[in-house]
Amino acid sequence: MKRSVFKHAITALALASSAALSAHADVINFEDVVPNLGLPSYSSGGYDFASGGTGFSGVDNATAFSLFANAPTNSSGQFLFALNNDELTMSQGGASFRLQGFDFAFVPPVQFSAGTSAGRLVVEAMTAGGLITDEIDFGLSGASGAWSFLTANTNALANGVTSVKFTACLYDGLGGCARDVGLSQFALDNMRVPEPGSVALTLAALGLLVATRRRQSL
């Protein structure tokens, strides 16, 4: 094989593998969980989600969920929710993992007006390098006074994450966001984690590309 052809083949492999990392990411959508309310933990897609706050959590779909709270208006299928200041911690049996993104929404405890701002989702990730914390605004309520799922991209949470805790805070009207000003409630869905095989294939392809370039420079 000529050097130029070999180089192009390796480059194509790297690009294809990189695309496979996104295309073949596992999506935890909680469809494999029996609908429930108030369990201490949930398992879906090989990951565990533990309830650890002062409230309660569960898995349900929008039709059943709307009987006692306002489900996210654009929900599709089942989702995981935390009510009454509850919190949820995601882990994988002590193993490290990567979280590429997820969908999240505020769950109003009472009826809100359209265009209302509520608060933020708080994300705390424990990594090999320490704790990473971020807060993401829930956005504004829609015409019905309920919120829609938004998408968060968290590629910064690379390999080495051992757990991710999700909580929420509400705006206190004084420029702050706190957990003791009302009932902070939220829903999670479509947790995106790359398949280990896709990660390995991408790293191998990139390694071959680097090795090839080094040989050409000699």
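Taking the range 90-103 on its own, how many of its residues are within 14 Å of LEU157 (Cβ to Cβ) and in contact with a Ser or Thr (Cβ under 6 Å, 6 or more places away or on another chain)?
Final tally of qualifying residues: 4.
Taking the range 143-161 as the search range and keeping residues that are more than 21 Å from GLY55 (Cβ to Cβ) and modelled with pLDDT of 95 or more, which one is least open to solvent (accessible area, probe 1.4 Å)?
It comes out as ALA152.
Looking only at the range 162-211, filter to residues that are in contact with a strand residue (DSSP E or B) (Cβ under 8 Å, 6 or more places away or on another chain) and β-branched (Val, Ile, Thr); which one of those is modelled with the lowest pLDDT?
Just the residues of the range 162-211 that are in contact with a strand residue (DSSP E or B) (Cβ under 8 Å, 6 or more places away or on another chain), to begin with: 162-172, 177-179, 181-195.
The next check asks that each one be β-branched (Val, Ile, Thr); those that pass are 162, 164, 167, 181, 193.
Details: THR162: 94, VAL164: 96, THR167: 96, VAL181: 72, VAL193: 93.
Among them, the one singled out is VAL181.
Restricting attention to the range 81-112, which residues are of a type in the set (Ser, Thr, Tyr) and buried (at least 20 other Cβ atoms within 10 Å of the Cβ)?
Scanning the range 81-112 gives no hits.
In the range 70-92, what count of residues is obtained for those that are of a type in the set (Ser, Thr, Tyr) and within 13 Å of SER148 (Cα to Cα)? Steps first, answer last, please.
Quick first cut of the range 70-92, residues of a type in the set (Ser, Thr, Tyr) only: 73, 75-76, 89, 91.
Now restrict to residues that are within 13 Å of SER148 (Cα to Cα): 73, 75-76.
Residues in the range 70-92 being of a type in the set (Ser, Thr, Tyr) and within 13 Å of SER148 (Cα to Cα): 3 in total.
Which fully enclosed strands (runs of 3 or more DSSP E) of the range 1-107 have 1 or more residues being under 28 Å from ARG179 (Cβ atoms), under 15 Å from the mean Cα position of the chain (by Cα) and at pLDDT 95 or above?
In the range 1-107, 26-28, 41-44, 47-51, 78-83, 88-91, 101-106 are the strands (runs of 3 or more DSSP E) which contain 1 or more residues that are under 28 Å from ARG179 (Cβ atoms), under 15 Å from the mean Cα position of the chain (by Cα) and at pLDDT 95 or above.
Within the range 162-181, how many residues are open to solvent by less than 30 Å² (accessible area, probe 1.4 Å) and assigned to a loop (DSSP other than H, G, I, E, B)?
1
Can you run down the residue pairs with Cβ atoms below 6 Å, 6 or more apart or on separate chains, where the first is in the range 85-96 and within 30 Å of TYR171 (Cβ to Cβ) and the partner is open to solvent by 40 Å² or more (accessible area, probe 1.4 Å) and among the polar types (S, T, N, Q)?
Sorted first by the residue in the range 85-96, then by its partner, the pairs are ASN85/THR54.
If you take the residues in the range 182-191 that are of a type outside the set (S, T, N, Q) and surrounded by 21 or more Cβ atoms within 10 Å (Cβ to Cβ), which one is farthest from the chain's Cα centre (by Cα)? Walk me through it before giving the result.
Let us first name the residues in the range 182-191 that are of a type outside the set (S, T, N, Q), namely 182-183, 186-189, 191.
Checking which are surrounded by 21 or more Cβ atoms within 10 Å (Cβ to Cβ) leaves us with 186-189, 191.
On the way: PHE186: 13, ALA187: 11, LEU188: 7, ASP189: 7, MET191: 4 Å.
Taking the candidates together, the pick is PHE186.
Quickly run through the range 113-142 and pick out the residues that are hydroxyl-bearing (Ser, Thr, Tyr), under 26 Å from GLY94 (Cα atoms) and open to solvent by less than 60 Å² (accessible area, probe 1.4 Å). Give the derivation first.
Taking the range 113-142 and keeping what is hydroxyl-bearing (Ser, Thr, Tyr), we get 113, 116-117, 127, 133, 141.
Next, from what is left, pick out any that are under 26 Å from GLY94 (Cα atoms): 127, 133.
Passing the criteria: only THR127.
How many residues are out of contact with any Leu (no Cβ under 7 Å at 6 or more places or on another chain) and surrounded by 20 or more Cβ atoms within 10 Å (Cβ to Cβ) if we restrict to the range 61-80?
6
The values are calculated or read from the model by the stated rules, or taken from the named source; none is laboratory data. As the structure is a prediction and not an experimental result, all values here were calculated from the model. In this analysis, Cβ positions are derived from the backbone assuming ideal geometry, glycine residues included, and neighbour counts consider all displayed protein chains. What goes into the accessible areas is simple: the full protein's heavy atoms, side chains included, and nothing from ligands, DNA or RNA. Shrake-Rupley method; radii C 1.70, N 1.55, O 1.52, S 1.80 Å.
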